[in-house]
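Let me begin by presenting the structure, written as structure tokens, before commenting on it.
Please treat every number below as a calculation from the coordinates, not as lab data. Predicted model only: the values in this text are computed from it and were never measured. Positions of Cβ are backbone-derived with ideal geometry, glycine not excepted, and every protein chain shown enters the neighbour counts.
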Amino acid sequence: MFDVASAALGGESKMSQQLRNMIDYMVVCVNDYAERHGLSLSDSFDYLLRNKGLSFIEDCYEAEHTLSLDEALDDLDAICKRNEKALT
């Protein structure tokens, strides 16, 4: 993971608009996932990173960002539960 991170940290001098949109979408997903599950932002980020939720967003961004946020969060729940049984 994370071509997005390497680009954001200087891999490119100017980020493409699509990359900016993906980063913005990831931030929204982390924030809303935290709110949905009563987690802190850092716990939400850690959980999604550890259980491949952020990789899923990166890999499936083209489809996921066209869904409602509730549907996207449901998808993240399914991906994370497949990789770890419960929220910590």
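General observations
- Charged neighbours of E35, selected by a Cβ distance under 14 Å, balance to -3 (K, R count +1; D, E count -1).
- Value of Rg/Rh across the range 19-83 [Cα atoms, Kirkwood radius]: 0.92
- All other residues whose Cβ lies under 15 angstrom from that of D46 are scored, Lys and Arg at +1 and Asp and Glu at -1, for a net of 0.
- Exposure proxy ranking for D75, D43, based on other Cβ atoms within 10 angstrom of each Cβ and starting from the fewest, stands as D43, D75.
- Two-site label geometry, S55 and V27: point separation in nm, points 7 Å out along Cα→Cβ: 2.5
- Here the simple spin-label model places points 7 Å from the Cα toward Cβ, and for S68 and L19 these points are separated by 3.4 nm.
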